1. Just checking, does the stretch 67-75 include any residue being part of a loop (DSSP other than H, G, I, E, B), touching a strand residue (DSSP E or B) at 6+ places or on another chain (Cβ under 9 Å) and modelled with pLDDT under 90?
2. If you go through the stretch 116-145 one residue at a time, how many are in contact with a Pro (Cβ under 9 Å, 6 or more places away or on another chain) and of a type in the set (D, E, K, R)?
3. Name the helices (runs of 4 or more DSSP H) wholly within the stretch 113-184 that hold at least 3 residues that are hydrophobic (A, V, I, L, M, F, W, C) and either under 24 Å from Ala214 (Cα atoms) or within 19 Å of the chain's Cα centre (by Cα) (or both)?
4. Looking for something in a loop (DSSP other than H, G, I, E, B), modelled with pLDDT of 90 or more and acidic (Asp, Glu) - is there at least one such residue anywhere in the stretch 86-101?
5. How many of the residues making up the stretch 187-212 are at pLDDT below 75 and under 17 Å from the mean Cα position of the chain (by Cα)?
6. Could you run through the stretch 192-228 and say how many residues are outside any helix (DSSP H, G or I) and either within 14 Å of Gln180 (Cβ to Cβ) or open to solvent by 40 Å² or more (accessible area, probe 1.4 Å) (or both)?
7. Checking the conditions here, which among Phe44, Phe110 is open to solvent by less than 20 Å² (accessible area, probe 1.4 Å), farther than 30 Å from Leu278 by Cα, modelled with pLDDT of 90 or more and hydrophobic (A, V, I, L, M, F, W, C)?
8. Tell me which of these Thr345 doesn't satisfy, since it passes every other one: (1) over 21 Å from Asp39 (Cβ atoms); (2) polar (S, T, N, Q); (3) surrounded by 17 or more Cβ atoms within 10 Å (Cβ to Cβ).
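The values are calculated or read from the model by the stated rules, or taken from the named source; none is laboratory data. A quick note: this is a predicted structure, and the numbers were derived from the prediction, not measured. Virtual Cβ from ideal backbone geometry, glycine too; neighbours counted across all protein chains shown. The protein model used for the area step is the full one, side chains on, heavy atoms only, and it has no ligands, DNA or RNA in it. Shrake-Rupley method; radii C 1.70, N 1.55, O 1.52, S 1.80 Å.
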Amino acid sequence: MATPHPPSMTAAGTGRCPFTGPAAAEHPDGARVSEWSPDRNETFGSAHADYAALREQNPFPWSADYGGFWAATTYEDILAITQDDELFSTAKQNVVPHVPRASRRPPLHFDPPEHTDYRTAIDPVFRRSVVTEHAGAFRDSARRLVDGMLMESSPDGVRHLAAPFAMDCFASLLGLARDQTREIREIGVRYGFAIQDMDNPVIEECSKRLYEIAREIYDRRLAEDPDPSRDLVASLHRAALDPDTAITETRAVATIRQLIVAGMGAPQAVLGSCIAHLATDLDLQAHLRAHPEDLPSAIEEMLRLHAPYRVFARTAKRDTVIHGRAVAQDEPIALLFPSANRDETRFEDPDTFVLRRKQNSHLSFGRGSHKCPAATMGRLELLIALEELLARTETFSLAGDIVMMNWLEYGPRSVPLTLRPADRMP
C-alpha cells in the first residue's frame, strides 16, 4: 500500500530556491557568502522541497545564519559524520544555533570516552524489558488525553495530546509521584513553547526550575532505594559513586534535567507530525483502523518522513573536506536528518508514504555514539498514542492551518483538528 504525502506538502524540488549566494564565493574581506538560509516560516512539508533542491544543487552549503554553519543534507554525509568520533565532536558545539553555557550539559556535550560512561549508565534503563513495564501508564495517559481532546471546543493535536503525552511518558519512566508529574508537565510544556517563541526570560525561568526539579527527582528517587538496573536516577547515581567514571553527582542531576527536555521535544515533534499526516490522509486512517497490525510499519515510515532532528551539530576537530568543501577546524555542521531520510539516492520514491517499505534504514534516531538511547521508548510512545487516537475516533481531520515549529525542531507547533468520536470506545 502506498499513499502520496499530504496535499499540503510541496513536491520535492519545486519550491522556492533556498540559496542566497553562489557556492564557494567569498566577500573581498575573505568572509564566506551565505549560500542557504533556513526558512523560518515553514508550512507542513515545505522544508523538504528546500532540502531536495539543496541535495540536487548544493548538498553541503554554508549558511551565515546563527553565527555561520555548514549543513549536511545527504544520507551518506550524515552517516559518515555521525559515525566518526575521531574527526567530529559535540564538545564544542552540539546544536545550531550555538547556546553559550557556563558548563557543558551532559550527556550530549561530551565525546567518547567520557560520553561512553553516560551511555553505560543510561542505555540499560531504556532497554525494551524496562520500557514496556510503563506501557500501562502510557496507555492511561493517552486515553485520558484523547478523551479530553474530544471534549475540547477547539482541539489541537499538539497542545492537547502530543505535548502533554510526551511529558507523562517520561515522568512515568522516572517514577515520579503524581504531584511531580503534574508540575513537570506544566513546566516542560511551557519551556518547549518558550523555546519556539525565543522568549528568553521564560526560557531562563523554566530552565532554572527544571534544574531544581531534576535535583528534587534525584533526591526523592534515591530515598526510595530503587533498582539501578531499572531506574535512571539510581543508575546515574551508581556511576557517580564510581571514581573511574566521568560522572559526578552534579553531572548526574544535569543529565536528568537534559533528558527531561529531550524526552519532551523529539516525541512531541514526531507525534505531532504523525497526527498531522494522518489528519490529511483519511484513507490511511481508515486502513490503520481496519488493520491495526500495520501500525508499527506505518510508524516506521512516518518516522522516516518526519524526522524531528535538524539542529544537532558536530564540529571538525581538524581541517577536513566534506562533499568537496573545505571545512575548517571548529566550524559547526548541522545534521539535517529530515533531508537524509528523503535522499533519493538512498530511498526510492522518497516523498511517498510506503507501508512496509523495504530497507527502511532511516536516520530519525541518529547513528553512532550519540544515537538516541530512547528509540525503543519513542516507538512505544508513538504506537500507544496512535492506537488510542485511532481507536477512540471514527475519523479526525484538519480544522485549520498547521503551524510549524521554528528551526530548532522539525514538527508542528499546532495541529487544529475536527474529531468524530467512535461509537464504541475500547
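1. no
2. Qualifying residue count, the stretch 116-145: 4.
3. Fully inside the stretch 113-184 and qualifying: 135-151, 163-174.
4. So far as the stretch 86-101 goes, yes, one or more of its residues are in a loop (DSSP other than H, G, I, E, B), modelled with pLDDT of 90 or more and acidic (Asp, Glu).
5. The number of residues fulfilling the criteria is 6.
6. Initial filter on the stretch 192-228 (outside any helix (DSSP H, G or I)): 198-199, 224-228.
Next cut, either within 14 Å of Gln180 (Cβ to Cβ) or open to solvent by 40 Å² or more (accessible area, probe 1.4 Å) (or both) only: 198-199, 224-225, 227.
Summing the residues that are outside any helix (DSSP H, G or I) and either within 14 Å of Gln180 (Cβ to Cβ) or open to solvent by 40 Å² or more (accessible area, probe 1.4 Å) (or both) in the stretch 192-228 gives 5.
7. Of the residues listed, the single one that is open to solvent by less than 20 Å² (accessible area, probe 1.4 Å), farther than 30 Å from Leu278 by Cα, modelled with pLDDT of 90 or more and hydrophobic (A, V, I, L, M, F, W, C) is Phe110.
8. The failed condition is (3).
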